[in-house]
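Visitor: Structure incoming, see below.
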Amino acid sequence: MADFAFGGPRGGIIQMAYVVPDIREAIAFWIRDLRVGPWFLLDHFTGEHPVYRGQPSRADVAIAMAFAGHMQIELIQPNDDAPSVYRETIER
């Protein structure tokens, strides 16, 4: 089984994503308690031509990414009240 360039095996889990209400607080937790970092942070991301439930979307999110060994960790925070799968997750 060949590896991805960063060491993860093909067919294996290489990424975990978490939707969080406060991305900076979540980053601080991952650094302090789990010793994961450094983090790459995009304060605003909307994507290109996003669609949510069949309709154009204007949702804006913050995204942070880091590696814990071969596992990529992604944190996602909704920045607005626009409908999105991320907003639904926070509301639940």
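Visitor: Quick one: how many residues across the range 33-71 are of a type in the set (S, T, N, Q) and buried (at least 16 other Cβ atoms within 10 Å of the Cβ)? I'd like the intermediate steps shown before the answer.
Guide: Initial filter on the range 33-71 (of a type in the set (S, T, N, Q)): 46, 55, 57.
With buried (at least 16 other Cβ atoms within 10 Å of the Cβ) added as a condition, the list becomes 57.
Qualifying residue count, the range 33-71: 1.
Visitor: Filtering the range 33-54 down to residues that are at negative phi and not in a strand (DSSP E or B), which residue is nearest to the chain's Cα centre (by Cα)?
Guide: Out of the qualifying residues, it is 39.
Visitor: Still on this model: Within the range 55-92, track down each residue that is assigned to a loop (DSSP other than H, G, I, E, B), of a type outside the set (Asp, Glu) and either in contact with a Ser or Thr (Cβ under 9 Å, 6 or more places away or on another chain) or modelled with pLDDT of 95 or more (or both).
Guide: 57, 58, 59, 79, 82, 83, 84
Visitor: Of everything in the range 1-32 that's among the acidic types (Asp, Glu) and modelled with pLDDT of 95 or more, which residue is least open to solvent (accessible area, probe 1.4 Å)? Explain how you work it out, then say what you get.
Guide: If we filter the range 1-32 for residues that are among the acidic types (Asp, Glu), which is where we start, we get 3, 22, 25.
Now narrow it down to the ones that are modelled with pLDDT of 95 or more: 22, 25.
Details: 22: 67, 25: 129 Å².
For the range 1-32, the residue satisfying everything is 22.
Visitor: What are the pairs with Cβ atoms under 6 angstrom where one residue, in the range 63-91, is touching a residue at least 24 places away in the same chain (Cβ under 8 Å) and under 13 Å from residue 21 (Cβ atoms) and the other, located anywhere, is of a type in the set (D, E, K, R) and open to solvent by 30 Å² or more (accessible area, probe 1.4 Å)? Sequence gap at least six, or different chains.
Guide: Sorted first by the residue in the range 63-91, then by its partner, the pairs are 78/87.
Visitor: Please determine, by comparing only the residues of the range 72-82 that are more than 11 Å from residue 14 (Cα to Cα) and polar (S, T, N, Q), which one is least open to solvent (accessible area, probe 1.4 Å).
Guide: 77
Visitor: Could you run through the range 55-71 and say how many residues are of a type outside the set (D, E, K, R), farther than 26 Å from residue 12 by Cβ and over 11 Å from the mean Cα position of the chain (by Cα)? Show your work before the answer.
Guide: Just the residues of the range 55-71 that are of a type outside the set (D, E, K, R), to begin with: 55-57, 59, 61-71.
Restricting the remaining residues to those that are farther than 26 Å from residue 12 by Cβ gives 55-57, 59, 61-62.
Next, from what is left, pick out any that are over 11 Å from the mean Cα position of the chain (by Cα): 55-57, 59.
So the answer is 4.
Visitor: If you don't mind, another one. So residue 11 clears everything in (1) in a loop (DSSP other than H, G, I, E, B); (2) touching a helix residue (DSSP H, G or I) at 6+ places or on another chain (Cβ under 9 Å); (3) not aliphatic (A, V, I, L, M) except one condition, right? Which one?
Guide: All conditions are met except number (2).
The values are calculated or read from the model by the stated rules, or taken from the named source; none is laboratory data. Here the structure is a predicted model, which means the values were calculated and not measured. Note that each Cβ is placed from the backbone with ideal geometry, even for glycine, and that neighbours are counted across all protein chains shown. All accessible areas refer to the heavy atoms of the entire protein, side chains included, with ligands and DNA or RNA removed. Shrake-Rupley method; radii C 1.70, N 1.55, O 1.52, S 1.80 Å.
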